[in-house]
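Please read the structure below before turning to the comments.
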Amino acid sequence: MKRRFTTFMAGLAAATSLAAAPALAGGPTSADIVNDAATPGDVISYGMGPQQQRFSSLDKINTANVKGLVPVFAASLGGEKQRGQESQPLVYDGTIYVTGSYSRLFAFDARTGEKKWEYNARLPDGIMPCCDVVNRGAAIHGDKVIFATLDAHLIALDRHTGKVIWNKKLADYQAGYSATAAPLIVKDMVITGNSGGEFGIIGEVSARNVETGELIWTRPTIEGHMGTLAGKPSTMTGKLNASWTGDLWKTGGGATWLGGTYDPETNLLYFGTGNPGPWNSNLRPGDNLYTASTLAIDPDTGEIKWHYQTTPHDGWDFDGVNEFIPFDATIKGKPMKLGAKADRNGYFYVLDRTNGKLVGASKFVMQTTWADGINLKTGRPNFIPANRPGAPNGAEKGTTVFASPSFLGGKNWMPMAYSKDTGLFYVPSNDWGMDIWNEPIAYKKGAAYLGAGFTIKPIAEDHIGALRAMDPVTGKIVWEYKNKAPLWGGVLATRGNLVFTGTPEGYLKAFDAKTGTELWKFQTGSGVVGSPVTWEQDGEQYVAVMSGWGGAVPLWGGEVAKTFKEISQGGSLWVFKLPK
Amino acid sequence: MGDPHLDRIKAYRRVNGICINRRSLLQGLTLTALASATSAFAAPLEKVKDLGVLRVGLYADNRPWSWDQGGKVAGIDADIARALAEALGVRADVQLFFAGEDISDDLRNVVWRGGLLGFQPCDVMLHVPFERHLMQAEDNVVFLAPYYRETFGAACSRDGGNCEAVPAAFKGRPITVELASIPDFYLLGHAGGVLAKDLVHVPTGYDAAAALANGSAEFTVATTAQIESAVADHADAGIKVRKGPLPMMMSPGWDIGIAVKENSRNLGFRLEEILEQMIADGRMAAIFKSHGVTWKPALSAQS
């Protein structure tokens, strides 16, 4: 009965939207998506453009009037599934598409907030996520809206009805794979990374036909593995055993769990890779390529054009998945095509995005104990050997070291923004450290194994979170906003000289992009860990963000937990505008 | 770790034909609630008896203890689970689950909270390390009934040469080992890492030992139970079991027992009694023997 009703409603929604906007029935093309940043009337990609600068040219809401911003509506995701809402909304054709926790996708009327349809992925009840059941957003193309699920499927729905058009298995969830990142659409292909933390998984980037979901190419991220193109083996990633011992490359890690960006100028995809396994770095000598790296990949063939490794031979769980954002700037009088990445390891890297050469690297957190700067000639960190967790000696645990950032990173998944106007990057960062050691004996699958122990702790009295404006040319921090609880949401910059971001305390806040002065805040009722967007509709500028506390942070107790113990869960889409 | 902390997924597999759907049972129970008014508020032991089923959580892919054999849960722990249910006069609902990153994940998902996506907690979990630090750290569960002593050992293929030699003597020959296990770290680090290039990583210690049967590997380090069961399953393969201890092995072994939710003590105590009876009358050793493994009493049960 319930199902029949839903189908009826979905059919009704389809009929309505077709009738209302016949010109848009075809939906966004790949060219539209590449051009997303230049069309403020919609948001049709994760990051507001495939470069993911998260910058809007809208200025109707600006430093002068933002204090008047008020809610238009809040739409609940409903149900009991109120966990971390890390999603970024998409806006197209009068509809807001947003993913929710537990692999759900919703379509809301962008004017009224009324729900048009809801899709609930049917997940096997035996999937046991260690942390949370988040999803970071969808992609839109033609008549489809596409998202990835916790059981590692990629699902294309009819954006008018929420009906499944195709559903492809990305990987085997029983082997430890999952998927939470927003897919990237490039040249009529859906490009996805993979995720999963089970020992033995191998990172991969893959491209599928957006119309059918059929596989076009795959590119493993670990040296020695073979890529595929059109169903046939293509080339090997790197060189077998060049930076790995024995057969450890077969199980080397390097998951691409946060997805990637695309730059049409260089025609390159940029994907970050996760940390290597096994955990104890003393047992896998070598750089362990291409873990903890950014890879530049040719979208037409899946070939790696260049790589840059941020943490060679990682020993602190500093994975390198963070987004690499293309931008242009003049360095020493020379206009350059650049890209920037704020890494888990606490350094903000600027690379020549045509060849991966390091241009600059500077700290964006209070403290980096594991390295004393990055060598601009070699591109490698100046490691501090004494601050690498020691190997266990027989039955004794290895030396405990204090490491900062903690393994949750100077910056975790939450995306930064780049303002074309100020030329600054706005980095949602966290100042925290950890005591970390290698344990000779821990237990996994009921058996003794060698594990790691860690305790996360704040390193400042007044804050953990810090939104920082970084000048990519000088490497200097221009301003910072300190937040008591860890920051875990994305950032948005606008031509109105504004920067928006959310806090676990429940606020969506707006700052002056030049000075960092806080100009506006609104309490959404639960922690904000999603990414805000803005668009123009009926001549007015709108701002939207998801509210719903969760993600990885609430898992960690101790001192850090004190900063968020009173925050309740939620699951709502909030939309704001100025009063008329 | 890394991605894992955000996105790690632990899978759990329903084994068709073995599991009984607890929720449908509960629904059935609601209908007959008038007839059995005690059940709703009964203590855990009485609840299990009223429902007529004992839900037991066991590790998937944990041969010889528990694994899916053609849709049926096989193994030493599976046999123990069925014996426990039989002694209570109820059916066994044996649930295989995939291991989390560490034992805390498993206890949370299987014993005291359940999975985020609907996996119902089990009445009891077997094969839980019985160890003081763990007991102190996990106050949502009660650890009881240590029933076996796990240890590490080594074995060689028929043509593998002197199995009593130091492991470094196997340099240049294929050595199988379970990925990211203590034997893996032991062999990777052994004698300054001389064996690192010779290691062939496989998913389980049983696989590592079984690879000795066809000569695809010449040496392995695994748990004694994994080695003994592989030897028994390949009785004609001439696998040689090392007799001497492994130099510098970091683990002296550990006890395994059962875990129940903190408020299920009366069920836990009853199961402990049953296990003690099984040990006393030889049924425990017989179950182990049927899988080729020599039962060894837990150290903590001997004091």
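The values are calculated or read from the model by the stated rules, or taken from the named source; none is laboratory data. These numbers were taken from a predicted model, which means no experiment stands behind them. All Cβ positions, even for glycine, are placed from backbone atoms using ideal geometry, and neighbour counts span all protein chains on display.
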Original post:
Given region A:368-459, what strands (runs of 3 or more DSSP E) lie entirely inside it while holding 2 or more residues that are more than 9 Å from chain B (Cβ to nearest Cβ) and in contact with a Gly (Cβ under 8 Å, 6 or more places away or on another chain)?
Top reply: A:381-383, A:401-403, A:425-430, A:432-444, A:447-458
Original post:
Could you say whether any residue in region B:236-244 is at the interface with chain A (Cβ under 9 Å from one of its Cβ atoms) and on the phi < 0 side of the Ramachandran plot?
Top reply: no
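Give the residues of region A:80-106 that are assigned to a strand (DSSP E or B), of a type outside the set (Ser, Thr, Tyr) and either surrounded by 24 or more Cβ atoms within 10 Å (Cβ to Cβ) or more than 14 Å from chain B (Cβ to nearest Cβ) (or both), sorted by residue number. Walk me through it before giving the result.
Residues of region A:80-106 assigned to a strand (DSSP E or B): A:88, A:90-92, A:95-100, A:104-106.
Subsequent filtering for residues that are of a type outside the set (Ser, Thr, Tyr) retains A:88, A:90-91, A:96, A:98, A:100, A:104-106.
Of everything in region A:80-106, those that are assigned to a strand (DSSP E or B), of a type outside the set (Ser, Thr, Tyr) and either surrounded by 24 or more Cβ atoms within 10 Å (Cβ to Cβ) or more than 14 Å from chain B (Cβ to nearest Cβ) (or both) turn out to be A:88, A:90, A:91, A:96, A:98, A:100, A:105, A:106.
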Original post:
Only one of these conditions is not met by residue B:248: (1) part of a loop (DSSP other than H, G, I, E, B); (2) at pLDDT below 95; (3) touching a Pro at 6+ places or on another chain (Cβ under 9 Å). Which number is it?
Top reply: (3)
Original post:
If you go through region B:192-209 one residue at a time, do you hit one that is facing chain A (nearest Cβ under 10 Å), in contact (Cβ under 8 Å) with a residue 40 or more places away in the chain and not polar (S, T, N, Q)?
Top reply: yes
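Have a look at A:224, A:196, A:246, A:231 and point out the one that is small (Gly, Ala, Ser) and more than 14 Å from chain B (Cβ to nearest Cβ).
Details: A:224 fails: more than 14 Å from chain B (Cβ to nearest Cβ); A:196 fails: more than 14 Å from chain B (Cβ to nearest Cβ); A:246 fails: more than 14 Å from chain B (Cβ to nearest Cβ).
Answer to the check: A:231.
Could you list all residues from region B:264-282 that are farther than 19 Å from residue B:302 by Cβ and part of a helix (DSSP H, G or I)?
Applying the first criterion (farther than 19 Å from residue B:302 by Cβ) to region B:264-282 yields B:264-271, B:274.
Within region B:264-282, B:265, B:266, B:267, B:268, B:269, B:270, B:271, B:274 meet the criteria.
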Subject >> Residue pairs meeting the criteria (Cβ under 6 Å; at least 6 apart or on separate chains; first in contact (Cβ under 8 Å) with a residue 60 or more places away in the chain and in a loop (DSSP other than H, G, I, E, B), in region B:112-137; second of a type in the set (D, E, K, R) and surrounded by fewer than 21 Cβ atoms within 10 Å (Cβ to Cβ)) >> reply: B:119/A:125; B:120/B:22
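Quick grid of which residues meet (1) over 30 Å from residue B:189 (Cα atoms); (2) aliphatic (A, V, I, L, M); (3) in contact with an Asp or Glu (Cβ under 6 Å, 6 or more places away or on another chain):
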position: A:228; (1), (2), (3): yes, no, no
position: A:264; (1), (2), (3): yes, no, no
position: A:269; (1), (2), (3): yes, yes, no
position: A:281; (1), (2), (3): no, no, no
position: A:299; (1), (2), (3): yes, no, no
position: A:326; (1), (2), (3): yes, no, yes
position: A:331; (1), (2), (3): yes, yes, no
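From the list B:119, B:98, which residue is within 10 Å of chain A (Cβ to nearest Cβ), closer than 30 Å to residue B:212 by Cβ and either touching a Gly at 6+ places or on another chain (Cβ under 6 Å) or surrounded by 17 or more Cβ atoms within 10 Å (Cβ to Cβ) (or both)?
Values: B:119 fails: closer than 30 Å to residue B:212 by Cβ.
None of the other options fit; the residue is B:98.
Counting just the residues of region A:140-150 that are surrounded by 24 or more Cβ atoms within 10 Å (Cβ to Cβ) and over 18 Å from the mean Cα position of the chain (by Cα), which one comes out nearest to the other protein chains (Cβ to nearest Cβ)?
Applying the first criterion (surrounded by 24 or more Cβ atoms within 10 Å (Cβ to Cβ)) to region A:140-150 yields A:140-141, A:145-150.
Next, from what is left, pick out any that are over 18 Å from the mean Cα position of the chain (by Cα): A:141, A:145.
Working: A:141: 24, A:145: 22 Å.
By that ranking, first place goes to A:145.
Any residue in region A:387-402 that is over 23 Å from the mean Cα position of the chain (by Cα), buried (at least 24 other Cβ atoms within 10 Å of the Cβ) and over 30 Å from residue A:509 (Cα atoms)?
Filtering region A:387-402 for residues over 23 Å from the mean Cα position of the chain (by Cα) gives A:387-402.
If we keep only those that are buried (at least 24 other Cβ atoms within 10 Å of the Cβ) as well, we get A:389.
Remaining after also requiring over 30 Å from residue A:509 (Cα atoms): A:389.
Within region A:387-402 (the criterion being over 23 Å from the mean Cα position of the chain (by Cα), buried (at least 24 other Cβ atoms within 10 Å of the Cβ) and over 30 Å from residue A:509 (Cα atoms)), the answer is yes, since at least one residue qualifies.
Answer with yes or no whether residue B:163 is of a type in the set (A, V, I, L, M, F, W, C), in a loop (DSSP other than H, G, I, E, B) and out of contact with any helix residue (DSSP H, G or I) (no Cβ under 7 Å at 6 or more places or on another chain). Step through it out loud before you land on a result.
Working: of a type in the set (A, V, I, L, M, F, W, C): yes; in a loop (DSSP other than H, G, I, E, B): yes; out of contact with any helix residue (DSSP H, G or I) (no Cβ under 7 Å at 6 or more places or on another chain): yes.
Here the answer is yes, as residue B:163 does meet what is asked.
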Subject >> Pairs where the first residue, in region B:227-256, is free of Cβ contacts under 8 Å to residues at least 24 places away in the same chain and the second is crowded, with 16+ Cβ neighbours inside 10 Å, C-beta under 9 Å, 6+ apart >> reply: B:235/B:292; B:236/B:213; B:245/B:153
Subject >> Condition check for residue B:183: facing another protein chain (nearest Cβ under 10 Å) and surrounded by fewer than 21 Cβ atoms within 10 Å (Cβ to Cβ) >> reply: no
